[in-house]
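No lab work stands behind these numbers, since they all come straight from the coordinates. Everything quoted here is computed from the prediction, not taken from an experiment. Ideal geometry is used to build each Cβ from the backbone, glycine not excepted, and the neighbour counts take in all protein chains shown.
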Amino acid sequence: MRALFIAAGLATLMAACSPEPEAPAEPPAPQKVGREAAIEAGNGTPEQFVRALYAAYDHPPAEPVAPGRDMLMQRTLNAMIFYDWRNAQEAGREPHLRNDPVCDCTGGKVELKTVAITEGERNYADAAVTFTVDGVEKSQTVKLEKEGGRWKVLDIVKPGEKPLTEQLTAVLS
């Protein structure tokens, strides 16, 4: 009889110590892709931002980004792009900036090959990138600035060309 009481006591203790049944796990939050992922990556390192910037071409937005409203571009560059577009519309001509400035393309398969980051003064960095658009290799330096706590594109410099901001300044003058 005593053994029965000990066994019952042990069973009660074990039941009290056993873990609660687990609640069903919540499904993981969906991973951001495309431009949303690039915007979020702006909170990370310059390299994370640049990699996400070029990866965004794998998931293009349903609607094109309005000129001057790009969350991936720094505000001065956005303003220059907007004024180039608006002035061209008012004059009935094509804007100077006809292609997406990051890939210098109007579509196609964009694939980042290399990224080399050079950190500058606080909140500035340069990314020397090599990428392909439909298999055609291109290289450029993407100048970055941390604005509002996020990395954004400040300027783009292609070998043998003036920086994008200088080209737009010349058109806007």
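In segment 139-173, what residues are free of Cβ contacts under 8 Å to residues at least 12 places away in the same chain and among the hydrophobic types (A, V, I, L, M, F, W, C)? Step through it out loud before you land on a result.
The first filter runs over segment 139-173 and keeps only residues free of Cβ contacts under 8 Å to residues at least 12 places away in the same chain, leaving 148, 160-162, 166, 170, 173.
Listed by number, the list holds a single entry, Ala170.
For segment 114-167, enumerate the residues that are under 17 Å from Asp104 (Cβ atoms), touching a Phe, Trp or Tyr at 6+ places or on another chain (Cβ under 8 Å) and surrounded by 13 or more Cβ atoms within 10 Å (Cβ to Cβ).
Within segment 114-167, Val129, Phe131, Lys138, Lys143, Leu154 meet the criteria.
Return the residues of segment 83-111 that are closer than 30 Å to Thr130 by Cα and of a type in the set (S, T, N, Q); say none if nothing qualifies.
Restricting attention to segment 83-111, the residues satisfying the condition of being closer than 30 Å to Thr130 by Cα are 83-85, 94-111.
Listed by number, the residues that qualify are Asn99, Thr106.
Determine if segment 79-87 includes at least one residue that is more than 18 Å from the chain's Cα centre (by Cα), exposed (fewer than 15 other Cβ atoms within 10 Å of the Cβ), of a type outside the set (Ser, Thr, Tyr) and within 22 Å of Ala41 (Cα to Cα).
The initial filter retains those residues of segment 79-87 that are more than 18 Å from the chain's Cα centre (by Cα), namely 79-87.
After this cut, where a residue has to be exposed (fewer than 15 other Cβ atoms within 10 Å of the Cβ) as well, the list is 79, 86-87.
Now drop any that are not of a type outside the set (Ser, Thr, Tyr), which leaves 79, 86-87.
This time we only want the ones that are within 22 Å of Ala41 (Cα to Cα), so: none.
Scanning segment 79-87 turns up no residue that is more than 18 Å from the chain's Cα centre (by Cα), exposed (fewer than 15 other Cβ atoms within 10 Å of the Cβ), of a type outside the set (Ser, Thr, Tyr) and within 22 Å of Ala41 (Cα to Cα).
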